[in-house]
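See below for the structure under consideration.
The values are calculated or read from the model by the stated rules, or taken from the named source; none is laboratory data. Predicted model, so just to flag it, every value in this text is computed and none were measured. Cβ sites come from the backbone with ideal geometry, for glycine too, and all protein chains shown count toward neighbours. These accessible areas exclude ligands, DNA and RNA; they are computed on the full protein's heavy atoms, side chains included. Shrake-Rupley method; radii C 1.70, N 1.55, O 1.52, S 1.80 Å.
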Amino acid sequence: MAFFRSMAAVSGLTFVSRVLGYVRDVLIGSTFGDSGISDVFFQAFRLPNLFRSLFAEGALNSAFVPIFGHLHHKQGKAKALAFARLVFTVLMLILLVLVFVFEMNMGGVMSILAPGFKENPEKFQMAIHFGHIVFPYILFIALSALCAGVLNSLNHFSAAASAPILLNLFCIASLVLFSCNGLEAGKALSWAVTLAGAAQLLWVLWACARKGMVIKLVPIKITEELKTLLRRIGPGIAGAGVYQINLLVSTGVASYVPMAVSYLAFADRINQFPLSITGIAIGTVLLPLLTRHMASNKHEEAVYVQNRVLQFSFVLTLPATIALIVLSLPIVTVLFQHGRFTSIMSIEVGKVLSIYAICLPANVMVKIFNANFFARGNTRTPMIVASISIISNLVFTLILFPFFSYYGIATAAVLSSFVNAGTLGYLLKKKRYFTPDKGLKMKFPRILGAAALMGGGLYYGLSWLNPLWAESILKDVSFLALFIGAGVLSYLGLLLLFKGASVEEFREVMKRTSEDISMKERDL
């Protein structure tokens with residue numbers, strides 16, 4: 001029960017954050033419309049957001065959590081705390097240098113990130129200005145990620161999971177206060193990002209202190225644990241941040257087409273919603289659990305838990321994928337078509353969303369498969385696989401973009417995601433780190449069948465009721481809620497009918513994991 005309770009806490013708080021993120025993006029769309037300012041902001045924010053993904057959801061936690069957890073389990077709280085303080089100090093020093101270098105060379109950075117903007121000098125200068133404002137966000141958010149890693153290792157997930165809510169609240173406030181002036185709203189939004197980063201750092205530092213882990217600066221000393229961390233974090237960066245790196249490549253190419261960066265960003269926001277409440281939540285809780293199983297030589301338990309978690313992820317992601325494809329245009333229309341966000345923008349974002357949605361299961365599998373490697377201290381293999389995925393994304397993008405514009409960019413991202421997930425899964429099976437068991441092999445086609453039938457019902461229902469689609473936004477919301485509710489109920493019914501999942505098997509994994517986590521919590 002403890003594993004799923006922890007995952008539910010992370011998912012619930014992430015859900016709140018994503019809802020607020022949606023409100024933020026609605027305000028961005030309605031405030032800036034097709035003026036191009038949203039293009040500039042999204043591209044300026046892409047770079048610190050890349051580093052946020054690497055540190056907050058990837059390489060740092062993947063390398064830090066196993067070492068910190070091992071020290072805490074084997075040598076006690078004092079040793080683990082000393083290690084956390086040392087890493088905090090070294091990380092701050094590295095980040096200060098990084099921020100200084102990028103701030104001094106922002107023009108060159110933007111030339112690489114958004115080469116298409118150079119065709120419009122005013123737009124390019126705006127991107128440089130916004131970049132100067134938002135880039136220091138990485139200093140605060142990366143240090144916050146380290147503190148989040150400490151909290152997650154101690155099985156305290158709520159404070160870290162709630163920190164991103166602050167970012168969205170700051171951004172929403174800035175857009176509300178400066179909505180009358182597009183350029184000023186863009187500047188205010190950029191400042192809100194950096195100020196929110198500082199607030200997030202203070203929040204998690206306070207949470208650590210409440211748990212008896214006071215994180216502060218200390219004299220730098222090169223220890224064996226620090227050497228191990230530095231060896232692991234380097235290759236882990238590419239492995240953990242492949243999705244954002246692929247987006248960086250995609251939006252760089254998209255900068256040549258007006259509004260393409262915004263279309264990709266809005267579609268990605270919707271697609272990230274189910275990914276965040278499933279993949280990120282599962283990965284956050286699964287890594288510490290697998291690490292403890294590995295440390296205790298419980299390899300069979302680790303394989304069993306991973307099979308059930310993978311099965312659970314398919315139960316959630318397969319119907320979400322099909323529903324996003326079928327209902328892409330109604331979803332975008334209801335969520336974003338307000339203010340200066342036009343119907344043409346809705347159609348374009350909807351088309352991109354229907355493509356992006358296909359990669360949802362693959363991205364969740366990557367989170368789960370990476371956790372297996374990271375729990376073993378192996379960050380090199382995910383790095384190599386991620387490099388292959390990034391190269392494939394670039395190749396697919398260059399091939400498809402000339403023919404299909406930004407639709408080709410979205411398709412390339414989907415293909416590279418499956419290259420990443422497929423290669424990781426193959427290597428795990430080859431190394432005998434993970435083997436799909438009989439239950440997973442038997443249940444997957446049943447889950448897929450239930451999701452496909454649900455999607456067929458939604459498609460024909462939408463075609464039949466499309467002429468009745470109301471002009472009033474209130475009635476549009478009602479229709480969309482009706483479809484989603486019908487889809488959920490029909491899917492659950494079909495899932496039970498096909499026996500694609502049962503309460504008993506998840507009770508079994510709860511039973512197997514709760515004792516381990518409860519024993520760990522009593523030790524803290």
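Students often get this wrong, so check it: of Lys367/Lys443; Lys74/Lys227; Lys211/Lys430; Lys351/Lys441, which have C-alpha atoms separated by over 29 Å? Please report the intermediate quantities before stating the final value.
Numbers: Lys367/Lys443 21 Å; Lys74/Lys227 19 Å; Lys211/Lys430 41 Å; Lys351/Lys441 32 Å.
Check vs 29 Å cut-off fails for Lys211/Lys430; Lys351/Lys441.
Which semi-axis lengths, in whole Å and largest first, follow from the square roots of five times the eigenvalues of the Cα gyration tensor of the range 68-201? Mind dumping the intermediate values first?
Values: eigenvalues 247, 74, 19 Å².
Each semi-axis is √(5λ); the values are 35, 19, 10 Å.
Around Ile172, under 15 Å between beta carbons, what's the net of Lys plus Arg minus Asp minus Glu among the other residues?
Details: positive: Arg18, Arg24, Arg269; negative: Asp25.
Net of charged neighbours comes to +2.
Just to confirm, what accessible area per residue do you get for the range 291-426 at 1.4 Å probe, in whole Å²?
Numbers: 4770 Å² over 136 residues.
Dividing the accessible area of the range 291-426 by its residue count gives 35 Å².
Sticking with the crude label model, points 7 Å out along Cα→Cβ, report the distance from Val97 to Phe404 in nm, one decimal please.
Label-label distance for Val97 and Phe404, simple model: 4.2 nm.
Run the 1.4 Å probe and let me know the accessible area of Tyr304, rounded to the nearest 10 Å².
40 Å²
At a 1.4 Å probe radius, which order do Asp34, Asp437 fall into by accessible area, largest first?
Asp34, Asp437
Per the 1.4 Å probe, what fraction of the accessible area of the range 302-446, in percent, lies on carbon and sulfur atoms? Write down the numbers at each step before the final one.
Values: 3920 of 5550 Å².
Result for the range 302-446: 71 percent of the exposed heavy-atom area is carbon or sulfur.
Between His338 and Leu440, 0.36 nm times their residue separation minus their Cα-Cα distance comes to what?
Working: separation 102, 0.36 × 102 = 36.72 nm, distance 4.33 nm.
Here the answer is 32.4 nm.
Between the alpha-carbon centers of the range 88-117 and the range 328-396, tell me the distance in whole angstrom.
A separation of 25 Å, based on Cα centres.
If I take R0 = 35 Å and measure r between the Cβ atoms of Trp206 and Ser179 in this structure, what FRET efficiency does the formula 1/(1 + (r/R0)^6) give, to the nearest 0.05? Don't skip to the answer; put the middle values down first.
Details: r = 32 Å, r/R0 = 0.91.
The pair Trp206/Ser179 has a calculated efficiency of 0.65.
If you add up the charges near Met259, with Lys and Arg at +1 and Asp and Glu at -1, over every other residue whose beta carbon is less than 11 angstrom from its beta carbon, what do you get?
Values: positive: none; negative: Asp34, Asp39, Glu348.
Surrounding charge for Met259 is -3.
Net charge near Gly500, counting Lys/Arg +1 and Asp/Glu -1 over other residues with Cβ under 9 Å of its Cβ? Kindly include the intermediate steps, with their values, before the conclusion.
Numbers: positive: Lys443, Arg446, Lys499; negative: none.
Value of the local net charge: +3.
Over all directions, how big on average is the projection of the convex hull of the alpha-carbon atoms in the range 317-404, in square nanometres?
Numbers: hull surface 30.9 nm².
Result: 7.7 nm².
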